[in-house]
Amino acid sequence: MRGLAFDNVTKRFRGLNGQIITAVDAVSLRLVEGESVALVGESGSGKSTVARLATRLERPTGGTVSLDGVTLSAVADLPASVQMIFQDPFSSLNPAHTIGYSIQRPIAVKERISARAARLQACDALQRVGLTPPEPFMEKRVSQLSGGQRQRANIARAIALSPRFMIADEPTSMLDVSVGLGILNLLLDLRAEEMAFLFITHNLAAARYVADRVIVLYRGTIVESGAIDDVIQRPLHPYTKDLVAATPDPALPFAGGRIADPEAVEPGWCPFAPRCAQRHAGCETPIALRIVEGEHAVRCTLYP
Amino acid sequence: MGVARTAEGSERDTVLRVQGLDVDYLTERGVVAAVRDMTFSLRAGEIVGIAGESGCGKSTLAHAVCGLLHPPARIRQGRIELGGQDLVGLSERAMRSIRWERIAIVPQSAMNNLSPVLRIGDQIADAILAHRPSTRPQAREKARALLQMVGMLGHHAASYPHELSGGMRQRAVIAMALALHPEVLVLDEPTTALDVMVQATILGAIRDLRDQLGFAVLLITHDLPLLLQTVDRILVMYGGRLVESGSADGIWRRPRHPYTQALLEAFPPLTGPRRRLNAIQGLPPNLLQPPVGCGFAPRCPLTMDRCEEQRPPWTIQGDAAAACWRLDGEGEA
């Protein structure tokens, strides 16, 4: 099976007080060649954990993450064909090294080529992300670059290995608006080159700009998925409806947000039940993600 | 200029008026013209948003208004009137009786700057005790009431900051700022590090509290779509200067300055046709050598010869106004 796949993946962490935190709960998803999927959810929904599982920075507690049918945790090395762009451009490049070193070192290691050949590839990557001419940028250190340039350097580091799958974890949330748009446009250019994206964001409007399909994550569980415009225009899950309403859109009146209820989730209940305005006795029964129409799927007892 | 230039109607209920304010940063490399000729006013109960990108001077303005500028920053000229009293040049001692009491600020990242070793309620109580003769139990009780007012629970007063989510910590710092019932609340990027849902709840809470308590709000953010939905009036800053002001609705329907248009264009929409948007090319002006003419001219798609040579006039059109040569001659006398 080609592609990057999560099959029933669960990730648990042990919290500070010894309690078990389920960050990702039985998530199944597939990213195929050249596809662009957005993973949307609020802080603490588990989106960054999904990103770290996809790049094998974390190993699943249960289930499997596989690339082209090969389980990631079974291979000895991180696959070069899945790369990640991190949220914080300020801390994701080593300040002690030049930009050139940070980009060419992984190439030399992964492709077992000479430093000279790796350098040429690094220059090419810088050119593709718009850091031109590349030579002066190769010699600079992170501290000498602006926020937007740093994120471009991070993207250059990631694309230098010619990945087929790119995991972008909130790549613009720490950047200024017009700088962030420049980065989103760069991702669109890479998409046009058939690179597949898992774009992680809390903003549905940004998701819609780069992705065709969206997966909505709530407390580690997929609550809805489908074509992005279907989900935005006809959200089914009560949580997705709140999320659409909370996304700033000057064309619409301010809807406000629903306050996160500090109440704990009863085991077995729908994780959204404590906050849900349409909660009923049936929310106690676990329910699977089911297709409602086309590829639009929802996990909610309102859609049996 | 001054009063006429603000063009905001009624003078009677104005709580804050900033007039011709210039702020410099005196650096080793020279004088940075961080804020220039800033003039605006804020009415009681009004929420005014200040939009602009990094380095446009919006945070410097927020700090100036609250008397929080320290060297190398310096107010070069201008007035900051709170209820008719000029705050510029007041001693720190005099300012201390105004700040928090009458004008309160929630600085950028304040939610991450709560003391990690004190309970939330005690931190709020400390702020109350520093300003009002009161007993600690009374101040604690007040702190609990304030937390409930911003949508938290009374028992959160006993929590340490690390036990609360970012949204809850942001509510707590807003509660702290409102502790002494200020007339003006300044919020510097209050929702920047928060997800859209928390953003919406925080702004909803601020609007509700404004309705109940009647304070005025100066809300600073780069998030123009958020401002368009939640504030009454918007001021757009670029390169240390005000380039446009108008009602939120007016700015959305008819942005007058090309910079405002470009900024609106930089946010992907939630609805409508999906198309590639154009990021603003180039860089903001170097304020060590402030531009002679319009600071946006080098990046402006509509630039003309005189844009770089002469500063554009402030052109008032109804309740909107902008500084752009394209509007010259179309304004009201």
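Results, tabulated for the structure shown:
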read-out: Total residues in segment B:79-104, condition at pLDDT 95 or above and closer than 25 Å to B:Tyr160 by Cα; value: 1
read-out: Residues of segment A:46-60 satisfying the condition of being within 14 Å of chain B (Cβ to nearest Cβ) and buried (at least 23 other Cβ atoms within 10 Å of the Cβ); value: A:Gly46, A:Lys47
read-out: Within segment A:151-174, considering residues that are of a type in the set (S, T, N, Q) and either touching a residue at least 60 places away in the same chain (Cβ under 8 Å) or surrounded by fewer than 20 Cβ atoms within 10 Å (Cβ to Cβ) (or both), the one nearest to A:Ser102 (Cα to Cα); value: A:Asn154
read-out: B:Gln229 being within 12 Å of chain A (Cβ to nearest Cβ) and not in a strand (DSSP E or B); value: yes
read-out: Residues located in segment A:240-269, provided they are at pLDDT 85 or above and more than 9 Å from every other protein chain (Cβ to nearest Cβ); value: A:Thr240, A:Lys241
read-out: Subset of segment B:214-226 (residues that are away from chain A (no Cβ under 12 Å) and crowded, with 22+ Cβ neighbours inside 10 Å); value: B:Phe215, B:Ala216, B:Val217, B:Leu218, B:Leu219, B:Ile220
read-out: Enumeration of residues in segment A:190-206 that are closer than 20 Å to A:Val82 by Cβ and either in a strand (DSSP E or B) or touching a residue at least 24 places away in the same chain (Cβ under 8 Å) (or both); value: A:Leu190, A:Arg191, A:Glu194, A:Met195, A:Ala196, A:Phe197, A:Leu198, A:Phe199, A:Ile200, A:Thr201
read-out: One residue from B:Ala193, B:Ala130, B:Ala139, B:Ala145 being surrounded by fewer than 23 Cβ atoms within 10 Å (Cβ to Cβ) and assigned to a loop (DSSP other than H, G, I, E, B); value: B:Ala193
read-out: Odd one out for A:Ser48 among (1) within 20 Å of A:Phe197 (Cα to Cα); (2) hydroxyl-bearing (Ser, Thr, Tyr); (3) out of contact with any strand residue (DSSP E or B) (no Cβ under 8 Å at 6 or more places or on another chain); value: (3)
read-out: Any pair with Cβ under 7 angstrom, 6 or more apart, that starts in segment A:1-19 at a residue that is under 19 Å from A:Leu57 (Cβ atoms) and ends at one that is charged (D, E, K, R) and not in a loop (DSSP other than H, G, I, E, B); value: A:Ala5/A:Arg30; A:Thr10/A:Asp25
read-out: Residue count for segment A:20-45, restricted to those that are within 13 Å of chain B (Cβ to nearest Cβ), assigned to a loop (DSSP other than H, G, I, E, B) and of a type outside the set (D, E, K, R); value: 4
read-out: Test: A:Leu187 is surrounded by 20 or more Cβ atoms within 10 Å (Cβ to Cβ), outside any helix (DSSP H, G or I) and within 12 Å of another protein chain (Cβ to nearest Cβ); value: no
read-out: Any hit, segment A:212-221, residues being of a type outside the set (A, V, I, L, M), more than 24 Å from A:Ala26 (Cα to Cα) and either at the interface with chain B (Cβ under 10 Å from one of its Cβ atoms) or touching a residue at least 40 places away in the same chain (Cβ under 8 Å) (or both); value: no
read-out: Among the candidates B:Val236, B:Val196, residue that is at negative phi and at pLDDT 95 or above; value: B:Val236
read-out: Matching residues in segment B:96-148 - criterion: being of a type in the set (Lys, Arg) and touching a residue at least 60 places away in the same chain (Cβ under 8 Å); value: B:Arg102
read-out: From A:Tyr239, A:Tyr209, residue being crowded, with 23+ Cβ neighbours inside 10 Å, among the aromatic types (Phe, Trp, Tyr) and over 25 Å from B:Arg275 (Cβ atoms); value: A:Tyr239
read-out: A:Ala227 surrounded by fewer than 19 Cβ atoms within 10 Å (Cβ to Cβ), modelled with pLDDT of 95 or more, hydrophobic (A, V, I, L, M, F, W, C) and at negative phi; value: yes
read-out: Residue check, B:Leu164 away from chain A (no Cβ under 12 Å) and within 28 Å of the chain's Cα centre (by Cα); value: no
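Okay, residues lined up against (1) within 28 Å of B:Glu101 (Cα to Cα); (2) in contact with a Cys (Cβ under 6 Å, 6 or more places away or on another chain):
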{"site": "B:Met197", "(1), (2)": "no, no"}
{"site": "B:Leu219", "(1), (2)": "yes, no"}
{"site": "B:Leu228", "(1), (2)": "no, no"}
{"site": "B:Ala297", "(1), (2)": "no, yes"}
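The values are calculated or read from the model by the stated rules, or taken from the named source; none is laboratory data. Predicted model only: the values in this text are computed from it and were never measured. Using ideal geometry, Cβ is built from the backbone for each residue, glycine included, and neighbour counts are taken over all protein chains shown.
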